[in-house]
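First up is the structure itself, then whatever we jot down about it.
The values are calculated or read from the model by the stated rules, or taken from the named source; none is laboratory data. Everything numeric in this text was worked out from a predicted model, so none of it was measured. Counting neighbours? That spans all protein chains shown, and the Cβs are built from the backbone with ideal geometry, glycine included. Note: accessible area is taken over every heavy atom of the protein model, side chains too, but ligands, DNA and RNA are not part of it. Shrake-Rupley method; radii C 1.70, N 1.55, O 1.52, S 1.80 Å.
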Amino acid sequence: MDLDASVRNYKDRLRILLILYFFGEPIADADRPNAVRIFRTETRIQKIDFLIRNPDYLAYELLLIAKTDPALRPAIQSIVLEIFNNQEPMFRRMEMERFFFGAYEDIDDVISFLKSIGFIEFSSKKSSDFKTIGKQYFITRMAEQKILNQLQQLPKLQWYADRCRLIHQYFGDLSGTQLKVAQYQIDEYRNTSYNKFIGTIEEMTRTEFLNLYAAEL
Amino acid sequence: MIFDFDDFVEKLHSSDPDKLPLSELKQLLNLGDDYTRDTPISTGKRLVLDRISFWGKKSGSEGQPYNDEPIAFTQKIETGVNIWIADNFKGKSSIFKIIKFALTGRNRIKPNIKKWIHHILLSFSINDRSYTIYLDTEKSLKATLFNGVLEDISQVGLRTEDAVFTATSEAKYEKLIEDFFFNQFSYYSLKWTQKASQKDKDELVEAGASWVTYFESIFLESRDSASLMFGAQSKKIFQMLLGLEFTYPINRLSVEKEKLQYEKARQASLSEAQISKRKKDQVQLQTRLKEIDEEIKQLTMNDSPVDTNQLIAEYEMLIKDIQDHNRELLAMEARVRTAKSTLAEVEGKRESRLSEIHRLNREIQKTDKRIADLEEFTQIGIFFSNLDIKQCPSCDHTVTEKKKAAAAHSHTCSLCNDPITDEDIVDKEEYDQKISNLSVYKANLVKDLTRLNQDKADAHYEAAYNEVIKAEQEKSGLRSVETLNERLRQVNSELETERSRPKPNQSRQNELIAEKAVVTYRLGQDSPDQAEATDDIDVKIGFLTAAVEALNTQRFQLSGKVLKRLAELMLQEIQQLGLTSITQVMITQSFDVKYQQDGELIAFDDIAEGEQLRAKIAFYLSLIQLDIEYNFGRHTRFLIIDSPAKEEADLTYMEGLSAVLQAIDERFGDRLQILIGTAERTLTDIVTNQYVTPADAFVF
């Protein structure tokens with residue numbers, strides 16, 4: 001495996017793990033003594049992942065929130081400013097292809113890996129036509145310990161945890177389908193055809209910011 | 001120019017005072033005002049074609065499939081270089097021949113096409129005055145020159161009051177249009193002598209260069225490329241175009257000399273009988289001559305000569321002013337050009353610098369991202385290190401400690417059993433090294449960027465840009481030459497009026513002069529004393545030869561600068577056209593052009609065939625430039641060059657030609673007009689005014 005693919009592979013593992021952890025809900029289930037959190041549906045993983053990988057979309061959707069909720073405007077202004085000041089749309093961007101139902105990337109390998117090292121458990125049901133549905137991911141205590149104890153000591157990975165918290169703060173309550181609907185509001189996203197990379201909306205975000213705050217990004 | 005005729009004659013006479021009385025020598029050499037007729041100073045006039053239109057019908061003949069297709073061709077023509085691009089035999093040359101027909105009355109259109117053309121309308125301007133020539137060629141020629149612009153033949157009937165003249169035959173039109181252009185450009189007919197064409201006549205007649213002859217210096221056809229100028233009278237054309245001082249008297253006296261030489265030869269063959277038979281007329285003729293001389297003397301005394309000296313002085317002053325002004329303008333243009341090329345250079349540097357800055361910024365960003373990726377990679381590696389494989393993600397079976405130990409021992413994967421190589425083990429140190437290398441690389445990029453950002457290029461650009469603006473402003477602020485030109489035209493026309501004003505007793509005087517010429521001629525011809533007469537003729541021939549030589553020498557001295565400048569311009573043009581092997585151009589006293597090639601002086605005819613056309617184009621371009629840059633010469637500043645690339649289309653030549661045409665268009669576009677016809681498509685898009693006909697299509 002070449003270095004680029006390895007880097008990507010590693011990043012995928014970390015991101016997906018953190019999404020499952022930060023967006024999962026605490027549980028206590030006697031049948032699964034190792035599980036501390038549960039995360040439902042793969043769609044939700046994909047949609048949250050999209051926001052992490054595309055800071056310009058995140059900023060844009062934050063601006064849409066600010067538009068409808070004036071109370072949040074000052075906070076969102078400084079978040080968006082920081083995203084752009086740090087050149088995140090360029091530095092942090094990891095392109096994602098559009099699939100049938102929006103942004104999607106095969107994460108089976110990642111899930112398998114996390115499962116093999118005992119970080120997650122996984123269950124699904126088969127529908128009558130043998131499609132896998134209702135995927136549930138359980139985060140184990142071991143994973144939680146690792147995240148709580150070791151992640152803080154790795155400064156370069158802090159961004160991922162912070163970003164998850166941020167997205168959770170503004171979009172944590174939304175289901176995968178709701179997130180998808182929100183993302184579909186954006187032309188560039190909606191108009192990207194099947195199997196093509198979803199393009200950047202940096203310029204559109206800058207315009208929106210200018211309209212809202214009368215200042216340039 | 002001031003010319004003292006008496007002094008000139010006396011000096012000639014003193015060289016051999018006993019041969020001929022001074023009064024007779026004066027009579028022999030007297031040409032009146034015509035000694036000072038020539039001036040090399042430009043008239044400032046130029047010919048510009050504005051539009052050529054013609055109508056007719058492509059009447060078919062046997063084997064030709066033209067179904068009486070109508071022709072309605074019209075083409076606006078601009079100042080500067082105009083290029084017609086079309087394949088060979090598609091009508092380019094015909095357009096030029098139609099233009100020539102309209103401008104000279106000489107019809108050299110191909111016979112089959114001649115039949116097709118029924119009406120021609122050609123608008124042109126001489127300085128700010130517009131004229132239109134209309135030719136009705138359907139039956140016998142009917143030609144009219146109009147003042148002003150006629151847009152369409154429908155206006156011909158409505159504008160009769162604007163007609164300058166109308167001619168109803170080719171011969172008449174040729175004469176009238178010649179008078180018109182001779183007058184406009186101060187041309188006149190330089191003469192030569194030739195035997196009468198009738199075999200039974202033993203006479204020498206005068207022939208003269210016509211407007212058609214001079215037009216050969218305007219219309220350069222590719223077939224003529226083997227001679228520098230057209231025909232046997234090429235030097236006459238050259239002299240006329242230069243208008244050097246004394247050209248007229250040199251020509252006139254040379255013709256007289258030739259006539260005397262012929263007379264001498266003829267007399268030698270006269271029989272004794274004829275001599276005695278004519279002897280008796282002598283006394284009568286002598287008496288009549290005395291009477292005539294007496295009467296002329298009387299008339300001349302009554303005729304107070306008008307003083308035109310003041311006008312001439314003002315004229316020369318104005319010319320000097322205009323020349324000064326032109327020099328100033330040219331210097332300013334040179335400055336603008338230099339400023340522009342400096343700007344272009346600085347701009348080029350600035351652009352490459354900006355694109356380098358852009359590249360460096362992107363490279364720095366990329367490196368930053370790469371470093372960040374690798375740092376994340378190693379830290380994620382740490383995060384997931386020291387983890388045991390616990391379960392198969394496929395079958396959910398637990399991986400036992402025993403299995404793991406066996407896998408470790410055999411260096412295989414405890415899940416898939418594939419061998420594990422060193423490559424699969426991430427070595428943190430290796431990646432740290434990569435990161436540190438990238439950091440050094442980035443630091444170098446930043447250093448380069450800083451250096452580029454400190455570059456003063458922007459300041460240079462500002463300075464160069466300001467210089468262009470400043471030079472342009474100063475150029476546009478130069479005083480207008482129009483007022484000077486206007487005054488020059490006034491003075492010129494006053495002078496002309498003065499000269500052509502019928503003086504009192506003029507007609508009687510003219511009659512007497514004419515009669516005197518006849519009587520003198522008959523006296524000379526019928527001299528009873530053959531030996532004495534022949535001696536007399538010899539003396540006259542001797543004096544004429546000396547006079548012509550003296551005038552020639554004076555002309556060459558006076559014109560040294562003009563000829564030197566012309567030679568320099570020719571060399572410059574020739575080299576730009578790619579003939580760098582020619583290192584010097586010289587113009588001799590007898591108007592031969594000599595080229596120095598490989599250390600030897602050669603004539604135009606000795607230049608390699610493939611290079612003659614270039615030398616020729618260079619010759620005419622430099623004549624025009626002489627007028628534009630130094631205000632010398634009388635070229636109309638209008639050229640037609642048909643197929644300049646036909647025979648010499650090698651790469652250097654084409655590049656040279658393109659460059660020269662482009663440069664001429666850019667530098668002199670508003671001061672000359674050149675029409676070019678070519679089949680060479682590499683000449684496409686080198687100038688703005690081009691008329692491209694697609695491959696295989698007809699121009700009309």
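Just grab the label-to-label distance for A:Arg8 and B:Gln690, each label 7 Å out from Cα along the Cβ direction, in nm (one decimal).
In this crude label model, A:Arg8 to B:Gln690 measures out at 4.8 nm.
Of the peptides B:87-97, B:540-550, how do they stack up when ordered by the mean number of other Cβ atoms within 10 Å, highest first?
B:87-97, B:540-550
Counting each pair of different Cα atoms once, what's the Kirkwood radius of segment A:3-211 in Å, rounded to one decimal?
Details: mean 1/r = 0.0554 Å⁻¹.
After inverting the pairwise mean of 1/r, the radius is 18.1 Å.
In debye, nearest 20, what is the charge dipole magnitude of segment B:342-482 about its Cα centre with +1 on Lys and Arg Cβ and -1 on Asp and Glu Cβ, if you could check? All intermediate terms of the calculation are to be shown ahead of the outcome.
Working: 21 positive and 28 negative charges, 33 e Å.
Result for segment B:342-482 is approximately 160 debye, rounded to the nearest 20.
What residues qualify as long-range amide H neighbours of B:Ile674, i.e. H under 5 Å apart, gap of 5 or more or another chain, H built at 1.01 Å from N?
Distant-sequence amide H within range of B:Ile674: B:Gly80, B:Val81, B:Asn82, B:Leu639.
Of all beta bridges DSSP finds with both residues in the protein assembly as shown, what is the antiparallel percent, to the nearest 5?
Among the beta bridges of the protein assembly as shown, antiparallel pairing accounts for roughly 80 percent.
Work out which residues of segment A:5-33 lose at minimum 50 square angstrom of accessible surface when the other protein chains are put back, relative to the chain isolated, with a 1.4 angstrom probe, and list them by number.
A:Val7, A:Tyr10, A:Lys11
Order B:Glu161, B:Glu256, B:Glu363, most accessible first, counting only protein heavy atoms with a 1.4 angstrom probe. Provide the component values of the computation, followed by the final result.
Details: B:Glu161 135, B:Glu256 60, B:Glu363 40 Å².
Per-residue accessible area, sorted high to low, gives B:Glu161, B:Glu256, B:Glu363.
Suppose each label sits 7 Å from its Cα in the direction of the beta carbon; what would the B:Val164-B:Asn183 distance come out to in nanometres?
0.7 nm
May I ask you to evaluate 6.51 cos²θ - 1.76 cosθ + 1.60, the Karplus curve with θ = phi - 60°, for each residue of segment B:673-683 and list the ³J(HN,Hα) values in order in whole Hz, giving x for glycine and proline?
Taking θ as phi minus 60°, the curve returns 9, 10, 9, 10, x, 8, 9, 7, 6, 5, 8 Hz for segment B:673-683.
Give me, ordered by chain and number, the residues 5 or more places off B:Gly633 or on other chains with an amide H under 5 Å from its own placed amide H.
Those lying under 5 Å, H to H, from B:Gly633 are B:Ile41, B:Ser42.
In whole Hz, with x marking every Gly and Pro, tabulate ³J(HN,Hα) for segment B:631-644 from phi via Karplus 6.51 cos²θ - 1.76 cosθ + 1.60, θ = phi - 60°.
6, 10, x, 10, 5, 6, 6, 9, 9, 10, 10, 8, 6, x
Given the Cα-Cα distance of B:Arg487 and B:Glu69 and 0.36 nm per residue of separation, how much length would full extension add, in nm? Don't skip to the end; give the middle numbers.
Numbers: separation 418, 0.36 × 418 = 150.48 nm, distance 5.19 nm.
Answer, rounded to one decimal: 145.3 nm.
In sequence order, what are the phi-derived ³J(HN,Hα) couplings for segment A:156-169 according to the Karplus relation 6.51 cos²θ - 1.76 cosθ + 1.60 with θ = phi - 60°, rounded to whole Hz, with x for glycine and proline?
5, 9, 4, 3, 5, 5, 4, 5, 5, 5, 4, 5, 4, 4
Could you tell me which residue out of B:Leu387, B:Gln473, B:Phe185 lies farthest along the dipole of the protein assembly as shown toward its positive end? Charges go on the beta carbon: Lys and Arg +1, Asp and Glu -1, centred on the Cα centre.
Projecting each Cα onto the dipole axis, the largest value belongs to B:Leu387.
Could you work out the local net charge near A:Lys67, counting Lys and Arg as +1, Asp and Glu as -1, over the other residues with Cβ closer than 12 Å to its Cβ? Display every interim value, and only then the final one.
Working: positive: A:Arg73; negative: A:Glu61, A:Asp69, A:Glu208.
Value of the local net charge: -2.
At 1.4 Å probe size, put B:Met332, B:Met586, B:Met240 in order of accessible surface, largest to smallest. If you can, show how the numbers build up before the last one.
Working: B:Met332 25, B:Met586 70, B:Met240 0 Å².
The ordering from most to least exposed comes out as B:Met586, B:Met332, B:Met240.
Run the simple label-point estimate for B:Leu31 and A:Leu72 please: 7 Å along Cα→C-beta, distance reported in nm.
It is 10.4 nm.
How crowded by other chains is B:395-402, given as the mean number of beta carbons from other chains within 10 Å of each beta carbon?
Partner-chain Cβ atoms within 10 Å, mean over residues of B:395-402: 1.
Of all alpha-carbon pairs in the protein assembly as shown, indicate the percentage at a distance above 40 angstrom.
63 percent
Largest first, please: the extent of the C-alpha atoms of chain B along each principal axis, to the nearest Å.
Each principal axis gives a Cα extent; for chain B these are 159, 66, 50 Å.
Please list, by residue number, everything in segment B:149-174 whose backbone N is under 11 Å from a paramagnetic label point 7 Å out along Cα→Cβ of B:Lys142.
B:157, B:167-168
Please list, by residue number, every one of the trypsin sites (Lys or Arg not before Pro) in segment A:116-150 that is coil in DSSP and has at most 12 other beta-carbon atoms within 10 Å.
Hits after loop and neighbour filter: A:Lys131.
Pop out the carbon and sulfur fraction of the accessible area of the protein assembly as shown as a percent, whole number, probe 1.4 Å. Please report the intermediate quantities before stating the final value.
On the way: 23310 of 46620 Å².
Ligands and nucleic acids excluded, carbon and sulfur reach 50 percent.
Using the structure shown, list the pairs from B:Lys26/B:Lys297; B:Lys92/B:Lys114; B:Lys97/B:Lys191 with a Cα-Cα distance above 19 Å, or answer none.
B:Lys97/B:Lys191
Set the Förster radius R0 to 51 Å, insert the Cβ-Cβ distance between B:Ser394 and A:Thr207 as r into 1/(1 + (r/R0)^6), and round the FRET efficiency to 0.05.
0.55
Taking a 1.4 Å probe, which of A:Arg37, B:Arg489 shows the most accessible area, and what order do the others take after it?
B:Arg489, A:Arg37
Once amide H atoms are placed 1.01 Å from N in the peptide plane, what residues at a sequence separation of 5 or more from B:Thr193, or on another chain, have their amide H within under 5 Å of its amide H?
Residues meeting the criterion, in which the H sits 1.01 Å from N, are B:Ala207.
When the dipole is taken about the Cα centre of segment A:3-211, and only Lys, Arg (+1) and Asp, Glu (-1) are charged at their Cβ, what size is it in debye, to the nearest 20?
With only Lys, Arg, Asp and Glu charged at Cβ, the dipole is about 420 debye.
How much length, in nm to one decimal, is gained on full extension between B:Glu333 and B:Glu655, taken as 0.36 nm per residue of separation minus their Cα-Cα distance?
Extra length from B:Glu333 to B:Glu655 when fully extended: 113.5 nm.
Return the FRET efficiency for the residue pair B:Glu10, B:Lys290: r is the Cβ-Cβ distance, R0 is 22 Å, and the value is rounded to the nearest 0.05.
0.35
Ignoring ligands, DNA and RNA, how much accessible area is buried between chains A and B, both sides summed, with a 1.4 Å probe, to the nearest 100 Å²?
Values: alone 11820 and 37520 Å², together 46620 Å².
Heavy-atom accessible area buried at this interface is about 2700 Å².
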